[in-house]
Amino acid sequence: MSPTLFNVYSELIMRKALEDWQDGFDFSGEKLADQRYEDDVVLIASSEALLQQLAGRVGQASGEFGLRLKGKKIRYNGDQVEEFVYLGALFKSTCTDQETRRRISMAK
């Protein structure tokens, strides 16, 4: 599958899976339930049970588009954390709106 087509499907799958989903990492007042870059996806939930439920929703949505998740590539970290690093960016549950604006201005 071409990278562009993969990105289109990935967006559709995640929109379907996250429809009405209220859980995730609190990032500056917003709930963050996934992070994606190319074919790398991180799912975020506040408990192991909710993470399993979210993974099931992603699997179901993938199946609706004729795709499936590869079990051997799925890794699960059941540790609950207040911060995590993804692709070099530090995500903290205590990040303020001011900090978010500062980071965005640095990226411009």
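No lab work stands behind these numbers, since they all come straight from the coordinates. Note that this is a predicted model, so its numbers are computed, not measured. Positions of Cβ are generated from backbone atoms using ideal geometry, with glycine treated the same way; all protein chains shown enter the neighbour counts.
Quick look at the numbers
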read-out: Loop-located GluC sites (Glu not before Pro) in segment 1-101, at most 12 other Cβ atoms within 10 Å (DSSP); value: 19, 38, 82
read-out: Nearest-20 debye value, the chain charge dipole, Cβ charges on Lys, Arg, Asp, Glu; value: 380
read-out: Furthest towards positive pole of dipole, 54, 94, 7, structure part the chain, Cβ charges; value: 7
read-out: Under 11 Å, Cβ to Cβ, from residue 25 - net charge with Lys/Arg +1 and Asp/Glu -1; value: -4
read-out: Set of lysines near residue 92 by C-alpha distance (under 20 Å), chain-local residues within fewer than 8 positions excluded; value: 31
read-out: Residues 102, 75, 36 arranged by fewest to most Cβ contacts within 10 Å; value: 75, 102, 36
read-out: Cross-link reach list, aspartates and glutamates versus residue 72, counting only Cα pairs under 17 Å and skipping chain neighbours closer than eight places; value: 39, 40
read-out: Computed Kirkwood radius, in angstrom, where 1/r is averaged over Cα pairs of the chain; value: 15.2
read-out: Distance between modelled label sites at residue 85 and residue 37, nm, 7 Å Cα→Cβ extension; value: 1.2
read-out: Segment 3-107 - percent relative contact order, Cα under 8 Å, separation 6 or more; value: 26
